[in-house]
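Worksheet: the structure to be examined is printed underneath.
Read the figures in this text as sums done on the coordinates, not as results from a lab. Bear in mind the structure is a predicted one, so any value in this text is a computation, not a measurement. Cβ placement follows ideal geometry from the backbone for every residue including glycine, while neighbour counts extend to all protein chains displayed.
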Amino acid sequence: MIKNVIFDMDGVLVDSEDAITLAALEALHGFGVDARYEDFKQFTGMGEDMFVGGVARLHGHEFLTQMKDKAYEIYVSKADERVRVFPHAKRVLSSLASHGYGLALASAADAVKVKANIACIGVQEDIFAALVTGSDVERKKPDPEIFLAAAAKAGFDPCVCAVVEDAVSGVMAAKAAGMRCVAVTTSFSARQLEEAGADRVIDGIGRLEETLKELDACEH
């Protein structure tokens, strides 16, 4: 029986790609880097050190941690207007919590970005029994470390956890962690997510609670 749900953040609860790209672009311009919006695409999903640093180096500049710090400063200040919260995100989180599910968040992003996104959703951080971010783990998805770390921090047994993911690498990480996985088609096709091992694929988290119950029913 699924008792706990571990959420990825970007592509599941919010769409922050445009927000972080604009923030990084503006930050780099402030350091004299003549970056373009499209430069960032190849570094998406690699963490902000690479997202900002990769583009800086692309234009012949050394990456300075102050560049990332400035990008995050801009990101947080503009989050309310730039971060897109997916429909039903707040409702689903609140409903799952009220029905007794344990919740955790596992995101490859840095903590400052994760906390800004939670504020945009409109829930309190303590709705999650654990927050695990990219700086808390050494190995990236598809390695299962981030989901196992979230389960351990929250006190969850992995065998009664379901992960909600949008990426092929995330689905693979969830299954490698011995967890069920519900995937949403915000970033990859249903076929790609199914081939990666997703137990269920939905087009958004509005049907998540119903889908979790369907997965439980299949066990009986």
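Placing unit charges on each Cβ (+1 for Lys and Arg, -1 for Asp and Glu) gives the chain a dipole about its Cα centre, and among T21, G134, A104 the Cα reaching farthest toward its positive end belongs to A104. Computed about its Cα centre, the charge dipole of region 1-145 is approximately 400 debye, with only Lys, Arg, Asp and Glu carrying charge at their Cβ.
Over 27 Å between Cα atoms, which of K41/K213; K41/K140; K68/K90; K70/K153; K3/K141; K41/K153 qualify? Beyond 27 Å between Cα atoms: K41/K213; K68/K90; K70/K153; K41/K153. Compared with the dominant principal axis of the Cα atoms in the chain, helix 145-154 is inclined by about 60°.
Modelled spin-label separation between D126 and E138, with each label point placed 7 Å from Cα along the Cα-to-Cβ direction: 3.4 nm.
Put simply, region 17-82 fits an ellipsoid with semi-axes of 17, 12, 10 Å; these come from the alpha carbon gyration tensor as the roots of five times its eigenvalues, largest first.
For the peptides 86-96, 140-150, the ranking by mean Cβ contacts within 10 Å, running from highest to lowest, is 140-150, 86-96. Under the criterion of Cα pairs below 8 Å and six or more residues apart, the relative contact order for region 39-102 equals 18 percent. Distant-in-sequence amide contacts of R180, defined by a placed amide H-H separation under 5 Å and a gap of 5 or more residues or a different chain, comprise C161, V163. The angle between the Cα long axis of helix 111-121 and the longest principal axis of the Cα atoms of the chain comes to about 60 degrees, rounded to the nearest 10. Globularity index of the chain is 1.02 (Cα radius of gyration / 2.2 N^0.38 Å, N = number of residues).
Spin-label model, A217/E81: points 7 Å from Cα along the beta carbon direction are separated by 4.6 nm. Mean residue ellipticity at 222 nm, helices only, the chain: -14000 deg cm²/dmol; runs of at least 4 DSSP H residues each add -39,500 (n - 2.57), and the sum is divided by the number of residues. Dipole magnitude for region 17-82: computed about the Cα centre from +1 point charges on Lys and Arg Cβ and -1 point charges on Asp and Glu Cβ, it is near 120 debye.
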